[in-house]
Each structure stands twice: as C-alpha cells, then as structure tokens.
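In what follows, a single structure is set out as structure tokens and then discussed.
The values are calculated or read from the model by the stated rules, or taken from the named source; none is laboratory data. Note that this is a predicted model, so its numbers are computed, not measured. Neighbour counts run over all protein chains shown; Cβ positions are idealised from the backbone, glycine included. Just the protein is used for accessible areas: all its heavy atoms, side chains included, with ligands, DNA and RNA removed. Shrake-Rupley method; radii C 1.70, N 1.55, O 1.52, S 1.80 Å.
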Amino acid sequence: MANDLALNPGRTPVSGRFLPALLRDPWFGLLLAFVGLGAFWAATGTTPAAVQALWHWSPALLRGLGMNIQISLLAMALGTLVGLVVGALSLSPSQLLRRLTRAYVLLFRNAPILVLVYFTTYVFPFEVNVAGWYLPFPDWIKVVIGLGLPASANVAEIFRGAIQSIPSAQWEAAQSLAFRRTQIFRMIVLPQCVRRMLPSWMNLMASITMSTSLASLVGVHDLVDTATVASNTVARSDFTILVYFTLLALFFAYCYPIARWTRYLERRHEHH
C-alpha cells in the first residue's frame, strides 16, 4: 500500500475516502434534501401545532428508536454467536451434524421473519419459573430471539462460505510446517474469515435493524409503536404526515451509514 502511494502521490488512501464518498453519494444528498424540505415545510407551513406536537413527542420517539437499536444489537449478537457455532459444525466430518446444521440453516433462512417473531412471542411463556421465583419474560426479548434465529442461519452461511473461500494450499502449507488443525484455524484461517465476513455481516445487521419495526406488532414500545400512539393521540392529519416522515428519517439515518460502511469495507477488501 505504501509503495503504491509512493508511485501515485495523488492517490488518496482508502481509509481517507469514506467520509468524502459519503458526502458525495446521491442518496445522502437526497436524504439531506428531504430533511431540508421537511424542516422548511414544518417551519414555514401553516401547521405550527403539528410541529409543536412533534417536539413534545420527540423524547418518546428517540426512546423508541433506542429500543429498536437495542433489539437489533442483541439479535445480531445472539445470531452471530449461534451462527458461528452452526457454521463450524456444518464443516464437521460427521455427516449427521452436517445434515442437522443444513436443516437448521434452510429452516430459518427461508422462514418469514414476521412468522418467527409471532412464533417466539406467543409460544414462549410470559414468565419463567426459576427455583420458585417467577421471572418476567418480556416481549422485546422474544423479538430478539425471533430476529436472532434468521440472523444465526445467515451468519452460519456467511461463516461457512468464508472458510471454504480460503485456498486449500494454505491449509497444506501450514500442515507441512507441523501446525495443528486448531492452530491453523485460529492463526491463519480465522483472521482472513473475519475480513471476508465483515461486509456481509454488516449488510445483515442493516437488514435485521429494519426488521425490528415488526416488534410493534407484538406490543413492544419501539419507534413505530410510539409514532402510532402519538398519531392517534394528537389526531391531526398534518401531524401524522410529519411524525411518519420523522420515523422514516430516523430509520434511514441509522441504517444508511451501516450500508455505506459496508460498501467501504467491500472496496477495501478488493484493494487488499
């Protein structure tokens, strides 16, 4: 990389191009245009009561967005942990384990996410008896599990594909140097897998984050549920338009940088 820059002094490093590329992106400009248009309409239109109501509900909307972010992060953490285990077992010498993991991946990759959310919400109990103590099992945790299941199946496939993309010559060269299989995996294969998995993993995270909007259908007080309650409470058509415009902007503002960072990592991987 250093030699390449020395031969091309005018070239900007990849790490320094992410923010300028973000600012030049047409979709980012479209977002700014919509935000500016919405702000102008709200500030100069004939609906000051709607703007005042939105300002009143903004703390609740931000708390709702925080719930969506919390669910997405926990679902991805759960899906990543389970997916890495399933992905590793899918490469096991045991034919039975390979078949079981394949069935797991096929089931949860092809099941509708809404069905899984309903399944985990209404099949799991509302409280759990632990040594005589009744502990609540809130709906948002059930949604985390419902989103974590398809995430784990996708992570398993991403992990399996990353491992199989490593040239077999690297395994053979390490074995000729008397490396054990666990050492080859930990020191040679896994570091390369992480770099190859990261763009797909972040793309999956953006998808799971957008799917958290389904949590409102099972009674979780997330951003969508808060916007619906606010719209029904204020009962003004102009406020309904404004609050759902705000909902769209909040989701977009959270998911779009993830998508841009994913594209940046893909370009960086190509340069390496």
Cα→Cβ-extended label distance, 7 Å offset, between Gln52 and Ser237, nm
2.2 nm
Report the full-extension gain for the segment Leu89 to Glu172: residue separation times 0.36 nm, less the Cα-Cα distance, to one decimal in nm.
27.8 nm
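So if we plug the beta-carbon distance of Arg63 and Leu107 into 1/(1 + (r/R0)^6) with R0 = 30 Å, what FRET efficiency do we get, rounded to 0.05? Intermediate values should be presented prior to the final figure.
Working: r = 35 Å, r/R0 = 1.15.
With a Förster radius of 30 Å, E is 0.30.
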Per residue of the range 56-67, what does 6.51 cos²θ - 1.76 cosθ + 1.60 with θ = phi - 60° give for ³J(HN,Hα)? Whole Hz please, x for Gly and Pro, Karplus curve as stated.
5, 8, 4, x, 5, 5, 5, 5, x, 4, x, 5
A 1.4 Å probe over the protein heavy atoms gives the range 116-240 a carbon and sulfur accessible-area percentage of 64 percent
Counting only Cα, what are the radius of gyration and maximum Cα-Cα distance Dmax of the range 51-270, in Å?
21.3, 74
What full-extension length gain, to one decimal in nm, is calculated for Leu217 and Ala253 as 0.36 nm per residue of separation minus the Cα-Cα distance?
10.7 nm
Net charge near Thr101: determine it from the other residues with C-beta under 13 Å of the C-beta of Thr101, scoring Lys and Arg +1 and Asp and Glu -1.
+4
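Over the range 51-270, what is the mean sequence separation of C-alpha contacts under 8 Å (at least six apart), divided by residue count, expressed as relative contact order in percent?
Dividing the mean separation by the residue count of the range 51-270 yields 30 percent.
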Given R₀ = 45 Å, what would the calculated FRET efficiency be for Gln164 paired with Val130, taking r from the Cβ atoms and rounding to 0.05?
0.60
Full extension from Tyr118 to Arg181: what is 0.36 nm times the residue separation minus their Cα-Cα distance, to one decimal in nm?
18.5 nm
Once the Cβ-Cβ distance between Tyr244 and Gln70 is put in as r, and R0 is 30 Å, what FRET efficiency do you end up with, to the nearest 0.05?
0.85
How much area per residue is accessible in the range 132-272 when the probe is 1.4 Å and only protein heavy atoms are counted (Å²)?
51 Å²
